[in-house]
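Some notes on the structure that comes next.
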Amino acid sequence: MSVEELSREIILDHYQNPRNHGRLAQPTLANRGHNPLCGDEIELSIGIDPNEERIIEIAFAGRGCSISQASASMMTEMVKGQMLEEAAAAAQSFTQRMGNREPPPQELEQDVDALQGVKKYPARVKCALLPWTTLRESVDLYRHREPATVAGDDRFDCADAP
């Protein structure tokens, strides 16, 4: 099986059997991303351990093409358990790899490498980037949040932001 065929199979599997799909009941943070060019939407809900700044749980919901939804599934799998700094670095690295002109890898070391083939279709790159961009924005929102006003309530929802 060629790398291109394997990539298609991995993307299709994540689209048809998404990992971490849904919404967390009590997220520390929720944030939405939208691609107005194609209509893709993604909502991330993230549970963060405030002491370690570690993503302890993450889920996504949304609608859109197979690329955006598969990318969200792969992204949640990759960053679950990571420190916020590591997750932000993974999002930055993925964004840079999708923006460069290097050909897709000859071997897929992890599922997210399957998305590199999307670079052949420039209009679809934004679809693959949407969950990662939303994650980066979410980490920024968490870092710049206002302290909770209710004792014991460390939940922040993007919808509450000005």
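The values are calculated or read from the model by the stated rules, or taken from the named source; none is laboratory data. This is a predicted model, so every value here is computed, not measured. Glycine also receives a Cβ, built like all others from the backbone with ideal geometry; neighbour counts cover every protein chain displayed.
Here is how the numbers come out for the structure above:
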| item | result |
| --- | --- |
| Tally, over the stretch 18-42, of residues that are charged (D, E, K, R) and in contact (Cβ under 8 Å) with a residue 40 or more places away in the chain | 3 |
| Residues that are closer than 24 Å to Pro18 by Cβ, at pLDDT 85 or above and of a type outside the set (A, V, I, L, M), drawn from the stretch 94-104 | Phe94, Thr95, Arg97 |
| The listed residue being within 10 Å of the chain's Cα centre (by Cα) and over 18 Å from Leu6 (Cβ atoms), out of Leu130, Leu37, Leu84 | Leu130 |
| Matching residues, the stretch 5-49, being assigned to a helix (DSSP H, G or I) and in contact with a helix residue (DSSP H, G or I) (Cβ under 6 Å, 6 or more places away or on another chain) | Ser7, Ile10, Ile11, His14, Tyr15 |
| Qualifying positions in the stretch 77-113 - surrounded by 17 or more Cβ atoms within 10 Å (Cβ to Cβ), over 25 Å from Ile56 (Cβ atoms) and acidic (Asp, Glu) | Asp113 |
| Leading residue by the ranking (nearest to Ile46 (Cα to Cα)) among those in the stretch 83-99 that are of a type outside the set (A, V, I, L, M, F, W, C) and without any contact (Cβ under 8 Å) to a residue 12 or more places away in the chain | Glu86 |
| Test set (1) in contact (Cβ under 8 Å) with a residue 12 or more places away in the chain; (2) surrounded by fewer than 17 Cβ atoms within 10 Å (Cβ to Cβ) - Asn51 fails condition number | (1) |
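Yes/no matrix, rows are residues, columns are (1) aliphatic (A, V, I, L, M); (2) at pLDDT 95 or above; (3) under 23 Å from Ile11 (Cβ atoms):
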{"residue": "Asn31", "(1), (2), (3)": "no, yes, no"}
{"residue": "Asp40", "(1), (2), (3)": "no, yes, yes"}
{"residue": "Gly47", "(1), (2), (3)": "no, yes, no"}
{"residue": "Ile67", "(1), (2), (3)": "yes, yes, yes"}
{"residue": "Ser71", "(1), (2), (3)": "no, yes, yes"}
{"residue": "Met78", "(1), (2), (3)": "yes, yes, yes"}
{"residue": "Glu86", "(1), (2), (3)": "no, yes, no"}
